[in-house]
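Following: one structure in structure tokens, then a few remarks.
The values are calculated or read from the model by the stated rules, or taken from the named source; none is laboratory data. Predicted, not measured: the structure shown is a model, and the values here were computed from it. As a convention, Cβ positions derive from the backbone with ideal geometry for all residues, glycine included, and neighbour counts pool all protein chains shown. Protein only, heavy atoms only, side chains kept; ligands, DNA and RNA dropped before computing areas. Shrake-Rupley method; radii C 1.70, N 1.55, O 1.52, S 1.80 Å.
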Amino acid sequence: MGLKLQQSQHQHQHQHHSVAVKVNEQTGTKRGYTFIQANRAWLPKFLLLWVMVMAFLSTWIYKKMDADIKVRRKEVLSSMCDERARMLQDQFSVSVNHVHALAILISTFHYYKNPSAIDQETFAEYTARTAFERPLLSGVAYAERVVHSERGEFEKQHGWTIKTMQREPSPVRDEYAPVILSQETVSYIESLDMMSGEEDRENILRARATGKAVLTSPFRLLGSHHLGVVLTFPVYKSKLPTRPTVEERIEATAGYLGGAFDVESLVENLLGQLAGKQAILVNVYDITNSSDHLIMYGHQNQDGDLALLYESKLDFGDPFRKHTMICRYQQKAPTSWTALTTAFLFFVICLLVGYILYGAAIHIVKVEDDFHEMQELKVRAEAADVAKSQFLATVSHEIRTPMNGILGMLALLLDTDLSSTQRDYAQTAQVCGKALIALINEVLDRAKIEAGKLEMETVPFDLRSILDDVLSLFSEKSRNKGVELAVFVSDKVPEMVMGDPGRFRQIITNLVGNSVKFTERGHIFVKVHLAENTKPVVDAKVETCLNGGSDGGVPISDAHQFKTLSGYEAADERNSWDSFKHLVSYEESRYDASINMTVPGETSQSVTLMVSVEDTGIGIPLIAQDRVFMPFMQADSSTSRNYGGTGIGLSITKCLVELMGGHISFVSRPQVGSTFTFTADFGRCKKASFNDTKKSNTEDLPSSFRGLKAIVVDRKPVRAAVTRYHLKRLGMLAEVAGSVKIAASACGKNGSSCGSKIQPDIILVEKDLWLSVEDGGLSLRMLDWKQNGQAFKLPKMVLLATNITNVELEKAKAAGFVDTVIMKPMRASMVAACLQQVLGIGNKKQAGKDVQNGSLRSLLCGKKILVVDDNMVNRRVAAGALKKFGAAVECAESGKVALKLLQIPHSFDACFMDIQMPEMDGFEATRQIRMMESQANEQMNGSGIDKGFARKGEWHVPILAMTADVIHATYDECLKCGMDGYVSKPFEEENLYQAVTKFFKV
Amino acid sequence: MLGLAADRLRADTNRLLAFLFHQGILDEQFLQLQQLEDETSPNFVSEVVNIYFHESEKLLRNLRSLLMDKEFSDYNKMGIHLNQFMGSSSSIGAKRIRNVCVAFRAASEQNNRAGCLRALELLEHEYCFLKNKLHELFQIQQQRALAAAVRYPMQN
């Protein structure tokens, strides 16, 4: 037990392993990641990076915009500053020019005129009236040059002494410059010596040396305390040479004209005229001394925008002095909101875009994850499904094994002496066990189909005998119920077809079993014909409708009877006589024709059969019709209570039909019946193999009835056709008569004419017909006829019945009416047996397996056979098996020995050759034997001597391969190297018989 | 009394056979072998089985020596032995031994030495088991034959 467990465990592990591998493979191939999926870990980093880049970008945008604004601001500042500077300069130069004009006026009218045309009054008057010309000058005054030697005379002449700036009498100097003429606004400086002021003196000296207007550095003016500068012009006595030297200028100097510029108010006025004076701050500096800038206008320490300032040069016409104007904004540059908002909005938008992308990516990742998960689950579910099927198959198989033990033991138990109770128990147990096995087999089939493990065989088989078998299986049940069971196979259906007989049988068994289960009255009718025949039938049906059923001959006694097998209504009227007879008649016409000419369909490789199973049972409720083929579904739960069954049968049937390349359908009417119809593809048998296998596979129908004539008395045409079909299979000629009367008259007539062409040997009468006519005195007539002394020609009477009571039987026999009764359902072999009994034709062959066994014995008896196998046990067993059938066996333990033994001439009739042998395997040995034989044959033919013991003029010993694994490839290999067939090892009688019949004729 | 013994022996035979079948140790082939037994070869089964034992022991010895060899590499030869073993086992219907042989051959085809050793042990075990059981069976049958002979001396 332990060992067994270990073994099964091992098996399990293996299966599990294979499933796991499968799963891995599937997931492996399906796992294709997208770009996003592959970089899922990087997604937050991508987002961060994006945000950073965008922040950087927006900062950059801000900076750029800000810089632009600054540049524009600077440009504005510089243009404003330049404008101010130019205006200031212009105004200044206008004033300077006017002072220049005054200087020329003085030199002209004070010095060139003698006496002077200008006195203080005139000057004051003139300067006052021309003051609008010099808006920047607070006033002008003229100081004469007086040397010390002339001081006394000068003072005397003017009547005042020269005073210094501090209004004290001037100390003695080389030179003086007392103001003699002055504008009224500055009259307080009259008589003041301009040379006494430090700056004035410097100015004066510089002016007379250059001959141009000169300016002082800014200082507080005497009158207004505003910052100001003094402008000084020299006035020359005489006209100067064109290029005067400094000495000449000094010499020619007569006096100095001066004016004070009030720079502060000047600039104030000027700026007041311009727009935007509030916006900027203006400072004017004297930068003659570059290290010490003197301010002329504005406050030194004004707050304002220190960051940005603009400097423009001023030229007031004095080359010695340098001035500059510095402008800056009053307020600091305002933060540029546009730039800020633009940048910020840009950033926000980019942030949102980034977030949306991130969200989308995350979503994609999630969806893909889900997808992969689903896929994996799907694969697992599929694997689980496969595993389930495998498990089911394994378990079913495992259950079957012990069940076989149980059943075997029960069978053994039943063999022993048991009391009747014990026997009953044991039998019940056995029946239950068999039912269980049947169920397990169904489940196993279902599981196998689902797991795709079910493979269809293609072997030649006889469809008709299988149908007979199936029907006889149900005959007991149907007879008990009184249900008529019949089969009809169209003549066009080939005798042998290639296909899977087991599965075909299973389908038929399922369908018929169902029908039997659900049918309480009426009939169950299985009909097989070629699928291409349906069409003419339909056409014919239309035709009959038009004809109106004129071809009567069938007396319909009951108006409610239908022209079906039993007279009950069927769901699908295709099987009723109206269409059926056309099929039959069509076939008959074709049948005769096809003896000489080939039927077109026969040339094709495959043949499609249409099988219909018709019953008159309870039918399928309309609601349940669409789930009939679903496993474990029955019409409703009450069905399984009333009728039992699992409901798996039809689903298996459907699977099987589909595996056979057909499809199944049904027509059902509740309380009327159901008709299941399916098509299936079968291969046609080749004639050669057909003949070989015919004997082995089919039950042998005796040929002793060939040519006998029979009359079938039946008024139900369908049933008559079925009976005729069975008789035809036995080679009998059958006629149908509608009633006993007709049959009797036919007989009578023939009887009187004594030995005419139609002399029936047998008359088959349906039971119901017999009962109905029994009292009509017909039996008497028959009896009379019987006693007419024509006993040797007298046809035998056979009663056909579905069920018959003993009383009825006795009655019939007593009446001398019948010789025997054939119980339905009919099957050819049974009919044959009954007829043999009646006709007294001896059966030369035994029935069943004995036939085969016997025939095998007859085939092999006395034959000399060589068995080649390296395995001593196998050799012994093969020899034993063959000896049992009467063959003389010789053994060889290797290919070489066999070769030696088969040296020509030899006396072996056949050789069984193992394929797997060391040194020389079966194939090689066969090849060599064949070579040897062909050489011998050539030699023989060449020499032209026909030796007596050479059969058929040449050597060819049949060689059969013995092999443990019967695979078709191996079979092909066998044929290729010259073998004639194969038998599986260990020998099975049937197999052996099949193989051997090819060579040994009885 | 002797009749009872015969019945018991028959029951024993049946039980033993049923056990062997149930455990999957034997299959139908053994029954077919038994069917081959008739008057011309009354001891056919035991004869064949004895040949089988003889051959099998030889094969088992060979297999063991092959596997025990240190520089062992001749899986091919082992496969031949195994094929022989398998063939003869299926001929007498020793189903379980045949199955073990299949596993053994699979292991040897994969050059799986550990697997081979395991399988060999299993094979030896199964073989001993089968041998014992079949010996038991033959013993019973012998006794039956004796009993039958004793019971119906006239018929012979």
Helices (runs of 4 or more DSSP H) fully within the range A:846-951 counting 1 or more residues that are at pLDDT 80 or above and farther than 29 Å from B:F30 by Cβ: A:895-901, A:922-943
A:A635: passes all of (1) buried (at least 20 other Cβ atoms within 10 Å of the Cβ); (2) at pLDDT 55 or above; (3) in a loop (DSSP other than H, G, I, E, B); (4) not hydroxyl-bearing (S, T, Y) but (2)
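For A:Y62, are the conditions met, namely being farther than 30 Å from A:F233 by Cβ and in a helix (DSSP H, G or I)?
Numbers: farther than 30 Å from A:F233 by Cβ: yes; in a helix (DSSP H, G or I): yes.
When the stated conditions are applied, A:Y62 passes them.
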Filter the range A:759-777 down to the residues that are acidic (D, E), farther than 10 Å from A:L799 by Cβ and modelled with pLDDT of 70 or more and list them by number. A:D761, A:D768
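Restricting attention to the range A:303-324, and to residues there that are under 20 Å from A:D262 (Cβ atoms) and modelled with pLDDT under 80, which single residue is most open to solvent (accessible area, probe 1.4 Å)?
As a first pass, look at the range A:303-324 and keep what is under 20 Å from A:D262 (Cβ atoms): A:314-318, A:321, A:323-324.
Then keep just the ones that are modelled with pLDDT under 80; that gives A:316-318.
On the way: A:F316: 18, A:G317: 49, A:D318: 4 Å².
Looking at residues that are under 20 Å from A:D262 (Cβ atoms) and modelled with pLDDT under 80, I get A:G317.
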Yes or no: the range B:57-75 includes at least one residue that is within 11 Å of another protein chain (Cβ to nearest Cβ) and modelled with pLDDT of 85 or more. yes
Can you work out which of the residues in the range B:37-50 that are within 8 Å of chain A (Cβ to nearest Cβ) and surrounded by fewer than 19 Cβ atoms within 10 Å (Cβ to Cβ) is modelled with the highest pLDDT? B:E47
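Residue-by-condition table, conditions (1) touching a helix residue (DSSP H, G or I) at 6+ places or on another chain (Cβ under 6 Å); (2) within 13 Å of another protein chain (Cβ to nearest Cβ):
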| position | (1), (2) |
| --- | --- |
| A:H397 | no, yes |
| A:N404 | no, yes |
| A:L412 | yes, yes |
| A:T421 | no, no |
| A:D424 | no, no |
| A:Q427 | no, no |
| A:Q430 | yes, no |
| A:A435 | no, no |
| A:N441 | no, no |
Looking only at the range A:326-337, decide whether some residue is assigned to a helix (DSSP H, G or I) and either within 59 Å of the chain's Cα centre (by Cα) or under 30 Å from A:L227 (Cα atoms) (or both). yes
If a residue has to be in contact with a Phe, Trp or Tyr (Cβ under 8 Å, 6 or more places away or on another chain) and open to solvent by less than 60 Å² (accessible area, probe 1.4 Å) to count, how many in the range A:216-237 make the cut? 10
Which condition breaks for B:H22 when tested against (1) at pLDDT 80 or above; (2) in contact with a Lys or Arg (Cβ under 9 Å, 6 or more places away or on another chain)? (2)
Whichever residue in the range B:14-36 is open to solvent by 20 Å² or more (accessible area, probe 1.4 Å) and among the aromatic types (F, W, Y) and, among such residues, is nearest to the other protein chains (Cβ to nearest Cβ): B:F21
List the pairs whose first member sits in the range A:861-883 and is more than 12 Å from every other protein chain (Cβ to nearest Cβ), whose second member is polar (S, T, N, Q) and assigned to a loop (DSSP other than H, G, I, E, B), and whose Cβ atoms are under 7 Å apart, counting only residues at least 6 apart or on separate chains? A:K864/A:S907
Hits in the range A:94-127 (condition: polar (S, T, N, Q), within 30 Å of A:Q273 (Cβ to Cβ) and surrounded by 15 or more Cβ atoms within 10 Å (Cβ to Cβ)): A:S95, A:T127
In the range A:134-165, what count of residues is obtained for those that are open to solvent by 40 Å² or more (accessible area, probe 1.4 Å) and outside any strand (DSSP E or B)? 14
Selection over the range A:166-193 where residues are open to solvent by 30 Å² or more (accessible area, probe 1.4 Å), within 21 Å of A:A124 (Cα to Cα) and touching a strand residue (DSSP E or B) at 6+ places or on another chain (Cβ under 8 Å) yields a count of 3
For B:S88, are the conditions met, namely being within 12 Å of chain A (Cβ to nearest Cβ) and either open to solvent by 30 Å² or more (accessible area, probe 1.4 Å) or under 16 Å from B:L123 (Cβ atoms) (or both)? yes
Hey, any hits in the range A:197-215 for a residue that's of a type in the set (K, R) and surrounded by fewer than 15 Cβ atoms within 10 Å (Cβ to Cβ)? no
The one condition A:A426 fails out of (1) open to solvent by 30 Å² or more (accessible area, probe 1.4 Å); (2) at pLDDT 85 or above; (3) not acidic (D, E) is (1)
Looking at A:A254, is it buried (at least 24 other Cβ atoms within 10 Å of the Cβ) and either in contact with a helix residue (DSSP H, G or I) (Cβ under 7 Å, 6 or more places away or on another chain) or outside any loop (DSSP other than H, G, I, E, B) (or both)? no
Go through the range B:103-129 and give me each residue that's over 15 Å from B:L59 (Cα atoms) and within 12 Å of another protein chain (Cβ to nearest Cβ). B:A103, B:A106, B:A107, B:G115, B:R118, B:F129
Would a scan of the range A:58-79 turn up a residue that is open to solvent by 50 Å² or more (accessible area, probe 1.4 Å), closer than 22 Å to A:A252 by Cα and of a type in the set (S, T, Y)? no
